[in-house]
C-alpha cells in the first residue's frame, strides 16, 4: 500500500495525473467567470435620440463558454463617443445570472462608438455600436440574440432578443403603422410556446427575453405580415445546481464518530452561503440546526450514533437562487468497538507497529528453516565414534 501511494504521489507531483481532472477546460474552481463579453443588439441602432436596452454584458469561463456568476459582479463601462451612444458608468451582473442588460442612449447624429466593459479579475471586452438614420420602407425583419450562446440562468431569463424592421440594405426602418411579431422555435423542447412582441408605430427595434424550458439548440424565426422573416440560432447549456453528502468512515462501531461533508456546486463551482439542513434517522448531529456553506461550498458536521443498524443522513436546501436540493448517504453502525479494532498508539511507538508484519514474516521464515534443518539431521544415518572404529580394525 505504501508503494502504491508513493507512485500516485510521484505522478501527481510530476503533473501526469492532473490532466484527468482538468480536461475540457475545467479547473479546480469549475467554470468560474474569467472574461466579459459585450454584445450590441441590434448592432445598428436608429439615430433618433432614444434609449434602448441594447447592450448585453455577459460572462465567459476560461474556455470561452458562457457561465454564471454566483456572487454579484460589478462591471465598469465606457463609451468612446458619447454623442453617438452613451451608457451608464457601472452595472452589476446579479448572482445566478449570466448577463445583464444595459441601456444605450443615442442622439440624432449617425456615427460609431466603441462600448467597453471591465471588471476586477476578468478579461475586458468591447463592441462597436453603429447608429443610422432610419428609413421609412421596411421590407424584412431581422432577429438578434444575446448572448449568442447562453447558459440556463438559476433565476430570471436565459436569453435576450431584439426584433428589428430593416430596409433592403439591412439598416433600421420604421413601420409607420407598427407591426405584431411572432417568434417560433424549431425545437419545441427548448422553447415550447410562441413568443409575441410588438414593434410600435414609428419605433425600432422591439426587445424581449426568453426563458427556455430545457437546454438544447433551436432556430428562432420572427414572422410578421408583409415582411420577410428573420431568424437566429439559439444554443442553451444546462446549469443546474447539485448537492452531495459524503461520510467518513461509512462503517463504525457504537463508540465511533463520522465526519459528514455536504458540498453544493453549480457548473463545478462551489457556492458559498447556501442554507443547509441535515437530519439523521438516529443519533446526533454536531453542530445541529441550520448551517450555511463556506467559501469552498461545503458544510462539515459530525455524526454520533445512538444504536445499531443503518443510519440515513439527509441533507437539504431550499433557496431563492438554487431552488430545492437534496442528497442522502448511509452510515452502518455495527456492534464492533471502534477503539478495540483501531487502537491508538502513543507517540514514538506508533512507527514500530508499521513493522509488525515484517517481524511476523521473519519469525515464520526462521522457524521454517530451523524445522527443515532439524528434519534433515534426524534422517541422516549416525556415524560410529572414533573409539569404536579403532576396535573394529583388524
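Quick one: which residue in 44, 38 is at pLDDT 95 or above and either under 27 Å from residue 89 (Cβ atoms) or under 26 Å from the mean Cα position of the chain (by Cα) (or both)?
Sole residue among the options that is at pLDDT 95 or above and either under 27 Å from residue 89 (Cβ atoms) or under 26 Å from the mean Cα position of the chain (by Cα) (or both): 38.
For region 152-173, what are the residues that are over 24 Å from residue 194 (Cα atoms) and either part of a strand (DSSP E or B) or in contact (Cβ under 8 Å) with a residue 60 or more places away in the chain (or both)?
Within region 152-173, 170, 171, 172, 173 qualify.
Pull up region 121-148, narrow it to residues that are outside any strand (DSSP E or B), in contact (Cβ under 8 Å) with a residue 60 or more places away in the chain and over 39 Å from the mean Cα position of the chain (by Cα), then point me to the one that is surrounded by the most Cβ atoms within 10 Å (Cβ to Cβ).
Ranking the qualifying residues of region 121-148, first place goes to 138.
Considering only strands (runs of 3 or more DSSP E) fully contained in region 214-294, which possess at least 3 residues that are under 27 Å from the mean Cα position of the chain (by Cα)? So that I can check it myself, show each step before the final result.
Working: elements: 216-224, 227-237, 241-248, 251-253, 258-266, 275-280, 284-286.
Filter on region 214-294 gives 216-224, 227-237, 241-248, 258-266, 275-280.
If I go through region 266-282 residue by residue, how many of them are surrounded by fewer than 19 Cβ atoms within 10 Å (Cβ to Cβ) and in contact with a strand residue (DSSP E or B) (Cβ under 9 Å, 6 or more places away or on another chain)?
Looking only at that region, the number is 7.
Listed here are the residues, each with its yes/no results for (1) surrounded by fewer than 20 Cβ atoms within 10 Å (Cβ to Cβ); (2) free of Cβ contacts under 8 Å to residues at least 24 places away in the same chain; (3) under 28 Å from residue 331 (Cα atoms); (4) in contact with a helix residue (DSSP H, G or I) (Cβ under 7 Å, 6 or more places away or on another chain).
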residue	(1), (2), (3), (4)
215	yes, no, no, no
234	no, no, no, no
240	yes, no, yes, no
248	yes, yes, yes, no
299	no, no, yes, no
315	no, no, yes, no
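Among the numbered criteria (1) without any contact (Cβ under 8 Å) to a residue 24 or more places away in the chain; (2) within 24 Å of residue 97 (Cβ to Cβ); (3) in contact with a strand residue (DSSP E or B) (Cβ under 7 Å, 6 or more places away or on another chain); (4) exposed (fewer than 15 other Cβ atoms within 10 Å of the Cβ), which single criterion is violated by residue 294?
Of everything listed in (1) without any contact (Cβ under 8 Å) to a residue 24 or more places away in the chain; (2) within 24 Å of residue 97 (Cβ to Cβ); (3) in contact with a strand residue (DSSP E or B) (Cβ under 7 Å, 6 or more places away or on another chain); (4) exposed (fewer than 15 other Cβ atoms within 10 Å of the Cβ), residue 294 misses just condition (3).
Here is a check on your reading of the model: is residue 104 at pLDDT 95 or above and surrounded by 16 or more Cβ atoms within 10 Å (Cβ to Cβ)?
Criteria met by residue 104.
Tell me the residue from 74, 83 that is in contact with a strand residue (DSSP E or B) (Cβ under 8 Å, 6 or more places away or on another chain), part of a loop (DSSP other than H, G, I, E, B) and either surrounded by fewer than 21 Cβ atoms within 10 Å (Cβ to Cβ) or modelled with pLDDT under 95 (or both), please.
83
The values are calculated or read from the model by the stated rules, or taken from the named source; none is laboratory data. Just so it is clear, the model here is predicted, and its values are computed rather than measured. Note that we place each Cβ from the backbone using ideal geometry, even for glycine, and neighbour counts take in every protein chain shown.
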